[in-house]
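Undergrad: Could you have a look at this structure, given as structure tokens, before my questions?
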Amino acid sequence: MKLNRDRITALLMLLPSLILLGIFVYGFIGQTAYTSLTDWGRDPAQALALHPEIRFTGFETYKELFTGLIDVRFRQDLVNTFFFTLFFIAGCLGLGLGLAILLDQNIVGEGIFRTIFLFPMALSFIVTGTVWRWLLQPRGGINVLPTLVGLEPLEFRWLTSRRQILQFNWQDLPFFTGLLIAIILLWFMVTAIRKSKWRRVGVAGFSFLLVTVWTFTGARQVELLPYPEIHGFNLAFMGIILAAVWQMSGYTMALYLAGLRGVSEGLREAARVDGASEWQVYRLVILPLVQPITLSAMIILGHISLKIFDLIFAMAGADNATTDVPALLMYLTTFRANQFAKGAAIAMVLLIMVAAVIIPYLWSSLRSEVKQ
Amino acid sequence: MTATRRPYKRWHWLVYLLLVIASVFFLIPAYLVIITSLKEPASINLSTTWQLPERWYWQSFAEAWTAFAPKLRNSFTLTFFATIISALMGSMNGYVLSKWRFRGANIVFPIMLFGMFIPYQSILIPLFQFMRSIGLYGSIAGLILTHVVYGLPITTLIFRNYYAEIPDEMLDAGKIDGAGFFGLYSRVLFPLSLPGFVVVIIWQFTQIWNEFLFAVTLTRTDSQPITVALAQLAGGEAVKWNLPMAGAILAALPTLLVYILLGRFFIRGLLAGSVKG
């Protein structure tokens with residue numbers, strides 16, 4: 001029966017961690033969720049009262065965030081996060097894969113190059129932000145680089161530019177969301193057709209039709225705002241994307257390099273014997289094999305970029321309106337303006353976005369582990 | 001393996017050229033930080049940003065050191081205790097989850113793991129209130145507790161995967177000798193854990209040293225770690241850039257040294273963060 005007592009000991013040793021995480025993660029999330037459904041902090045006097053009288057208001061705060069007049073900043077922040085995530089992931093994947101392929105060419109000094117590409121990963125986002133803030137000064141740094149070769153200096157105001165491109169009307173959001181979902185479903189359908197999984201083709205195809213019909217009919221009827229509200233990609237984010245890619249692309253490089261090293265030399269040689277050029281070896285043999293890495297990298301980078309906070313805080317400051325994101329807005333709303341309910345609601349939106357990316361990933365990667 | 005790989009000589013110069021260009025991109029900020037930190041404040045001028053200093057000026061480092069020494073000490077205290085405690089707890093958790101698998105472990109583990117992905121904003125308000133109510137708000141101890149708890153998922157993950165590689169037969173031998181739960185850990189597993197501890201300690205050290213959100217919400221001026229102090233110094237408007245740059249170097253040096261000296265383990269921690277490793 002000794003074994004049994006050991007089993008109990010094992011559980012007891014795990015218990016402190018479970019309790020701590022239970023409280024600090026799930027208990028606290030629950031409390032934040034509850035706070036977001038109240039009116040705590042709507043009135044400044046109540047926010048700072050020792051025993052504030054807090055009323056339950058349901059989803060009122062959320063409704064305000066997405067459709068209320070004063071919360072236009074939150075909506076632009078969501079748009080900012082969307083574009084930031086898009087370009088940040090594209091940059092990291094492109095540069096990371098490129099560097100990994102270059103390093104895979106059996107070159108001299110690989111270790112040195114790898115060290116150079118990865119060292120920003122060891123730095124704090126605060127250090128990176130401080131440094132890039134200096135590099136992106138409007139009348140210095142990168143902007144004066146062209147003068148070194150006798151050209152005119154650049155005039156771009158990296159962190160404070162008010163220019164916005166790729167603009168759209170918030171009222172059209174249901175339409176664009178529907179369109180996006182329809183495209184994803186279509187893509188599911190096409191991959192299912194290729195794999196001849198007909199049941200999946202049916203489900204995806206039917207959902208695709210349904211969403212498409214709704215997008216072009218129902219979505220037009222949904223009225224989020226009584227007036228048009230323009231949002232778009234703030235060009236002031238380009239500098240932040242640049243710094244973030246500088247910091248994180250080494251990570252994707254490391255992921256890809258580990259994957260490329262896993263492709264056996266025999267397989268490459270076999271493809272070459274079959275007459276494939278080096279380019280074809282990569283395109284047809286190696287890249288399909290590292291496809292799963294692209295997905296993991298997208299998820300890891302995606303959740304980092306949804307949460308990005310320190311980098312922007314250090315580069316542009318917490319109050320710079322053109323480079324705001326929900327993670328920063330939550331901090332300002334909660335700890336500077338004492339609007340706790342609204343801060344909690346922003347945090348919950350952030351959590352839901354991250355969970356939508358992470359939970360399927362955890363689920364599938366742990367399930368495949370069990371299968372092995 | 002190197003011998004069998006066919007070098008494609010014709011394109012090699014292009015590969016090297018691209019690698020050098022990429023290296024320049026990665027090193028440019030480092031160059032700029034170093035030269036700016038060594039310039040006299042009066043000679044720092046946006047139009048001469050890229051030029052080497054006319055004369056090496058070390059005073060900025062002395063100034064930055066005076067301003068940052070207490071913050072660096074805070075960071076060291078915080079990082080040291082939080083790293084050690086979360087590593088030890090993670091090792092124990094990893095041992096239980098890999099060698100004493102119980103029913104429901106497959107559910108418990110991902111539930112623990114989820115804690116490392118959440119945006120910490122979603123727990124920040126209750127955490128802030130909690131720290132205030134137990135009197136740890138504004139103290140380094142409170143920050144240590146926070147980092148230990150939110151570090152548990154990743155340390156548990158790394159140790160669990162690390163111990164999973166150690167064959168169960170080695171434990172069976174110990175069991176026959178009559179070793180119990182703690183005996184097996186201390187005599188069989190722990191002596192084999194050194195590489196696992198190195199990976200976890202380096203990872204936690206880097207993460208906690210570099211962390212900002214908890215630090216900025218939970219500390220007061222006297223308990224600030226270096227990241228908060230640096231952000232404040234550089235965030236001021238009328239700032240001379242030599243000082244923040246010297247400060248950035250001081251803040252970056254510990255993790256950078258670890259990376260350069262123990263890079264192999266650092267990368268392993270990095271890859272472990274993508275769950276499957």
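Undergrad: So what's the protein assembly as shown giving for Rg/Rh, alpha carbon basis, Kirkwood Rh from the mean inverse pair distance? Please list the in-between numbers first.
TA: Numbers: Rg = 26.3 Å, Rh = 27.1 Å.
Result: Rg/Rh = 0.97.
Undergrad: Continuing with the same structure: Using the Cα centre as the reference, give the magnitude of the dipole from point charges on the C-beta atoms of the protein assembly as shown (Lys, Arg: +1; Asp, Glu: -1; all else neutral), rounded to the nearest 20 debye.
TA: On the way: 49 positive and 34 negative charges, 289 e Å.
My answer is approximately 1380 debye.
Undergrad: Around A:Pro288, what is the net charge, scoring Lys/Arg as +1 and Asp/Glu as -1 over all other residues with Cβ under 15 Å from its Cβ?
TA: On the way: positive: A:Arg194, A:Lys195, A:Arg268, A:Arg283; negative: none.
That works out to +4.
Undergrad: Okay, moving on. Against the globular-protein guess of 2.2 N^0.38 Å, express the Cα radius of gyration of the stretch A:164-228 as a ratio, rounded to two decimals. Working shown, then result.
TA: Working: Rg = 14.7 Å, N = 65, 2.2 N^0.38 = 10.7 Å.
The value comes to 1.37.
Undergrad: P(r) of chain A in 10 Å steps, Cα pairs, percent per bin?
TA: Spelled out per bin, shortest first, that is 4, 16, 25, 26, 19, 8, 2, 0, 0.
Undergrad: With just the Cα atoms defining each centre, how far is the stretch A:27-55 from the stretch A:135-179? Give it in Å.
TA: 38
Undergrad: Placing one identical point scatterer on every Cα of the stretch B:168-214 and ignoring solvent, what is log10 I(q)/I(0) from the Debye formula at q = 0.18, 0.27 Å⁻¹?
TA: Debye curve over Cα of the stretch B:168-214, log10 I(q)/I(0) at q = 0.18, 0.27 Å⁻¹: -0.63, -0.90.
Undergrad: Cα atoms only: what Rg and Dmax, in Å, come out for the stretch B:100-185?
TA: 17.9, 51
Undergrad: Take every Cα pair under 8 Å in chain B that's 6+ residues apart, average their separations, divide by the length, and report that relative contact order as a whole percent.
TA: Working: 258 pairs, mean separation 84.4, N = 277.
It rounds to 30 percent for chain B.
Undergrad: When the Kirkwood hydrodynamic radius is evaluated over all pairs of different C-alpha atoms of the stretch A:1-154, what value in angstrom, to one decimal, is obtained?
TA: Details: mean 1/r = 0.0442 Å⁻¹.
Final number for the Kirkwood radius of the stretch A:1-154 is 22.6 Å.
Undergrad: Classify the stretch A:208-256 as rounded, prolate or oblate from the Cα gyration tensor: take a ≥ b ≥ c as the square roots of its eigenvalues, call it rounded if a/c is under 1.5, otherwise prolate when a/b beats b/c and oblate if not. If you can, show how the numbers build up before the last one.
TA: Working: a/c = 6.26, a/b = 1.85, b/c = 3.38.
Oblate shape, in that a/c is at least 1.5 and b/c is the bigger or equal ratio.
Undergrad: Let me ask something else about it. If Rh is defined by the Kirkwood formula over all Cα pairs and Rg also comes from Cα, what ratio Rg/Rh do you get for the stretch A:163-278? Walk me through the numbers before you get to the answer.
TA: Details: Rg = 22.1 Å, Rh = 18.9 Å.
Radius of gyration relative to Kirkwood radius: 1.17.
Undergrad: Which whole-number percentage describes the relative contact order of chain A, with Cα contacts under 8 Å and a sequence gap of 6 or more? Please list the in-between numbers first.
TA: On the way: 416 pairs, mean separation 105.1, N = 372.
Relative contact order here is 28 percent.
Undergrad: If you scale each eigenvalue of the Cα gyration tensor by 5 and take the root, what three semi-axes come out for the stretch A:100-140, rounded to whole angstrom and sorted largest first? Please list the in-between numbers first.
TA: Values: eigenvalues 170, 32, 11 Å².
With the √(5λ) rule applied to the stretch A:100-140, the semi-axes are 29, 13, 7 Å.
Undergrad: Using 0.36 nm per residue of separation minus the Cα-Cα distance, give me the extension gain between B:Ala42 and B:Phe102 in nm, one decimal. Write down the numbers at each step before the final one.
TA: On the way: separation 60, 0.36 × 60 = 21.60 nm, distance 6.67 nm.
My answer for the length gained is 14.9 nm.
Undergrad: Return, for the Cα atoms of the stretch B:73-141, the radius of gyration and Dmax in Å, separated by a comma.
TA: 15.5, 45
Undergrad: Taking springs between alpha-carbon atoms closer than 10 angstrom, which of B:Val228, B:Val20, B:Val108 fluctuates most in the Gaussian network model of chain B?
TA: Answer for the Gaussian network model of chain B: B:Val20.
Undergrad: Helix-only mean residue ellipticity at 222 nm, chain B, DSSP H runs n ≥ 4 weighted -39,500 (n - 2.57), per residue, nearest 500. What is it? Each step should come with its number before you reach the end.
TA: On the way: 11 runs with 195 residues, N = 277.
Value at 222 nm, helices only, nearest 500: -24000 deg cm²/dmol.
Undergrad: From other protein chains only, count the Cβ atoms within 10 Å of every residue's Cβ in B:14-25, then give the mean. Walk me through the numbers before you get to the answer.
TA: Values: counts 2, 7, 6, 1, 5, 11, 1, 0, 10, 6, 1, 7.
Average per residue, whole number: 5.
Undergrad: In the P(r) worked out for the stretch B:61-272, what percent of Cα pairs fall beyond 26 Å?
TA: On the way: 9784 of 22366 pairs.
Above the 26 Å cut-off, the stretch B:61-272 has 44 percent of its Cα pairs.
Undergrad: May I pose another question? Taking only the C-alpha atoms, wrap a convex hull around the stretch A:301-355 and report its volume per residue in Å³ as a whole number.
TA: Normalising the Cα hull of the stretch A:301-355 by residue number yields 71 Å³.
Undergrad: What are the equivalent ellipsoid semi-axes of the stretch B:1-153, built from the alpha-carbon gyration tensor (square roots of five times its eigenvalues), in whole angstrom, biggest first?
TA: Gyration-tensor ellipsoid for the stretch B:1-153: 43, 33, 14 Å.
Undergrad: Moving on to the next point. Out of every Cα pair in the stretch A:1-57, what percent are spaced more than 15 Å from each other?
TA: On the way: 1054 of 1596 pairs.
Roughly 66 percent, rounded to a whole number.
Undergrad: Next up: For chain A, what does the helix formula give at 222 nm: sum of -39500 (n - 2.57) over DSSP H segments with n ≥ 4, over the residue count, nearest 500 deg cm²/dmol? Write out the running numbers ahead of the final one.
TA: Numbers: 16 runs with 239 residues, N = 372.
Calculated mean residue ellipticity at 222 nm is -21000 deg cm²/dmol.
Undergrad: Just name one of B:Ser98, B:Leu213, B:Thr66: the one whose Cα is farthest towards the positive end of the charge dipole of chain B (beta-carbon charges, Lys/Arg +1, Asp/Glu -1).
TA: B:Ser98
Undergrad: What is the Å³ per residue value for the convex hull set by the Cα atoms of the stretch A:139-192?
TA: On the way: hull volume 8.3 nm³, N = 54.
About 153 Å³ per residue, rounded to a whole number.
Undergrad: Could you tell me what fraction of 2.2 N^0.38 Å the Cα radius of gyration of the stretch B:45-92 comes to, as a two-decimal ratio?
TA: For the stretch B:45-92, the normalised Cα radius of gyration is 1.99.
Undergrad: Which one of A:Ala321, B:Pro41, A:Gly129 has its Cα pushed farthest toward the positive end of the charge dipole of the protein assembly as shown, where Lys and Arg give +1 and Asp and Glu give -1 at the Cβ?
TA: A:Gly129
Undergrad: Separation between the A:Gln280 and A:Val213 pseudo-spin-labels, each 7 Å from Cα along Cα→Cβ, expressed in nm?
TA: Taking the simple label geometry, A:Gln280 and A:Val213 are separated by 4.7 nm.
Undergrad: Here's a follow-up. Say the dipole of chain A comes from +1 at the beta carbon of Lys and Arg and -1 at that of Asp and Glu; which of A:Ser364, A:Thr57, A:Pro153 then lies farthest toward its positive end?
TA: Of A:Ser364, A:Thr57, A:Pro153, it is A:Ser364.
Undergrad: State, in angstrom, two size descriptors of the stretch A:69-206 derived from its alpha carbons: Rg to one decimal place and Dmax to the nearest whole number.
TA: 22.1, 64
Undergrad: Please list, or write none, the aspartates and glutamates whose alpha carbon is within less than 16 Å of the alpha carbon of B:Lys71, excluding same-chain residues fewer than 8 places away.
TA: Filter leaves B:Glu63, B:Glu211, B:Asp222.
Undergrad: Where the only charges are on Cβ atoms (+1 Lys, Arg; -1 Asp, Glu), what is the dipole of the stretch A:164-228 about its Cα centre, to the nearest 20 debye? Walk me through the intermediate numbers first.
TA: Working: 6 positive and 2 negative charges, 118 e Å.
Dipole size: approximately 560 debye.
Undergrad: If you don't mind, there's one more thing I want to ask. As a test of understanding, state the convex hull volume per residue of the stretch B:208-271 from its alpha carbons, in Å³. Each step should come with its number before you reach the end.
TA: Values: hull volume 6.8 nm³, N = 64.
Once divided by residue count, the hull of the stretch B:208-271 is 107 Å³.
Coordinate-derived values only; no laboratory data. The model shown is predicted, which means the values in this text are computed figures rather than measured ones. Don't worry about glycine lacking a Cβ; one is built from the backbone with ideal geometry, like all the others, and counts go over all protein chains shown.
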